[in-house]
Amino acid sequence: MRPPATLKARFQRAREEEQLHDLERLWYHAGDERSQFARHLLQLVDRLGEKYQVDELAAKYEFTGRTILSIPRALEVKEELETIDRLLKQLEEAAKTAQIGVIDMEALAEFAEPGDMQKLNELAQQIEQYLRDLAEQQGLEKGPRGYQLTPKAFRLFQNRLLERIFSELEESRTGRHQGPVLGEGAVELQRTKAYEFGDSVSNMDISGSLINAMIREGPHCRSN
């Protein structure tokens, strides 16, 4: 390669230091992209990029044997190994979270046995059916934006909310309890409850108690 005199020093430094970025910048400063130097510079950048990938492959994986790999074959092996690593991480995540959908089935089919892929697909279908059944029980339906609440789900949640509210309410000890609304207009009726030990005597319904006693014992009842 014979760089122009104005770029010679920069080219030699970038080549010796194997700086891709500096070599790419030199291509922009070469002026004529059709010149011999510009074309050779692109080839050098490509070869240096391949060298970086091969160095990364050798540093990340351990190789044994005597078969020499060409650069194109080494790059193919690198891509395959990186795909396998990615699939292994997906399988580990699926095993922890039961989310089969995180696995790239198409890529996995290139490395797994057909029988194993069939079992995995069947498992994915079972999980998907289970999720659909569970969503249906909870009143959910799947739409374009994911699962959405249906009227059934709203009723379920309202009932559960009301049950929780009422379960936390305690009976009042003052005799004020919900009773039937009788008559016309907004008339609030006196509400009573059975006497319990500890209730205040001042809140007793004396007249109602006497009437109940007379009904129960007859006109000869006596009050103590």
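The values are calculated or read from the model by the stated rules, or taken from the named source; none is laboratory data. Quick caveat, the model's predicted, so the values are computed rather than measured. Don't worry about glycine lacking a Cβ; one is built from the backbone with ideal geometry, like all the others, and counts go over all protein chains shown. Side chains are part of the model used for accessible areas, which takes the heavy atoms of the whole protein and leaves out ligands, DNA and RNA. Shrake-Rupley method; radii C 1.70, N 1.55, O 1.52, S 1.80 Å.
Remarks
- DSSP-assigned coil residues among chymotrypsin sites (Phe, Trp or Tyr not before Pro) in region 14-67, each with at most 10 further Cβ atoms within 10 Å: Phe63
- In the complete set of protein chains, residue-level accessible area for Ile215 is approximately 130 Å², probe 1.4 angstrom.
- Test item: Cα-centred dipole of region 1-133, Lys/Arg +1 and Asp/Glu -1 on Cβ, debye: 980
- Kirkwood Rh in Å, taken over all unlike Cα pairs in region 1-146: 20.2
- The residues of region 15-131 have, on average, 76 Å² of accessible surface per residue, using a 1.4 Å probe with all protein chains present.
- Region 1-58 - percent of accessible surface contributed by carbon and sulfur, probe 1.4 Å: 45
- Rg [Å, one decimal], Dmax [Å, integer] - region 62-115, C-alpha atoms: 14.2, 42
- A DSSP coil position with no more than 13 other Cβ atoms inside 10 Å describes the following trypsin sites (Lys or Arg not before Pro) in region 1-39: Arg34.
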